[in-house]
Amino acid sequence: GGAKTEIEVEYLSYCGYEYLVRERVVDEYIFSEMQRIYVNEGELPQVCMLAFLKYHSNDIVSLSDETRNAIQEFISILYVKKNIIMPFFLNYRSLSIESAHLGNLSFIEYKGNPDSNVMIHYAINHDVKEQNGYSREEMVNMYAGIYVKTFLLFFGESVQYYITEENTNKEQLT
């Protein structure tokens, strides 16, 4: 514990943010340290949990039991308790009951200004029949400008969409 751990956590949070939000390459050691601190301290900042989950979502086959436990706990904290959902949670369907429930959903992720209102305009198409007009819905800012919208699509359905970002009385099509 103490000041050394606080400084480590701050640095890990910075690295986690860079990896999660800015898609920067981060050394594997950073994620091992996140896990070590979580095991020793029993807590970890949200950004570290999200970065940890994103990092390990690419290879769930070769995970240690300790890493699997951390993943299950992080998903429980983020998804169940805080209602945060990210597309990479889908990769954990075989590890987590919570993620298994996401299996039928389709995700659209958009990275934008965290202070903006991000709107998705969408139409769900059924086989060859297109829906008339677009529905408009605000996307949820899950973390630091990472906006997510989920859809439950049935067989033969697809979604057409475009996203607008509204910021200080200005709307921008993306």
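Throughout, read-outs are computed from the coordinates displayed, never taken from laboratory work. Keep in mind that what you see is a predicted model, and the values were worked out from it rather than measured. Positions of Cβ are generated from backbone atoms using ideal geometry, with glycine treated the same way; all protein chains shown enter the neighbour counts.
For the reader, a short list of remarks on this structure follows.
- For E18 and E109, the FRET efficiency from 1/(1 + (r/R0)^6), where r spans their Cβ atoms and R0 equals 22 Å, is about 0.80.
- Sparse-neighbour loop sites [trypsin sites (Lys or Arg not before Pro); the stretch 2-88; at most 10 other C-beta within 10 Å; DSSP]: R22, R24
- Measuring against 21 Å, Cα to Cα, the residue pairs K54/K81; K81/K111; K4/K111; K82/K149 contain K81/K111; K4/K111 as the ones spanning a longer distance.
- Only helical runs count toward this figure. For the chain, summing -39,500 (n - 2.57) over DSSP H runs of n ≥ 4 and dividing by all residues gives -10500 deg cm²/dmol at 222 nm.
- Scanning residues 5 or more positions from V140 or on other chains, those with amide H under 5 Å from its amide H are V148, with H placed 1.01 Å from N in the peptide plane.
- Evaluating 6.51 cos²θ - 1.76 cosθ + 1.60 at θ = phi - 60° for every residue in the stretch 107-116, the Karplus couplings come out as 10, 10, 10, 9, 9, x, 5, x, 8, 8 Hz, glycine and proline recorded as x.
- Loop-located chymotrypsin sites (Phe, Trp or Tyr not before Pro) in the stretch 110-174 whose Cβ has at most 16 other Cβ within 10 Å (DSSP): Y134, F154, F155
- Estimated distance in nm for a label pair at Q160 and S135, the labels positioned 7 Å out from Cα along Cα-to-Cβ: 1.7 nm
- Full-stretch length increase - H101, I7 - with 0.36 nm per residue and alpha-carbon distance subtracted: 30.2 nm
- Karplus-derived HN-Hα couplings along the stretch 61-68 (A = 6.51, B = -1.76, C = 1.60, θ = phi - 60°), whole Hz, x at Gly and Pro: 6, 9, 7, 6, 4, 4, 5, 4
- Counting only aspartates and glutamates at least 8 places from K170 when in the same chain, those with an alpha carbon closer than 14 Å to its own are D115.
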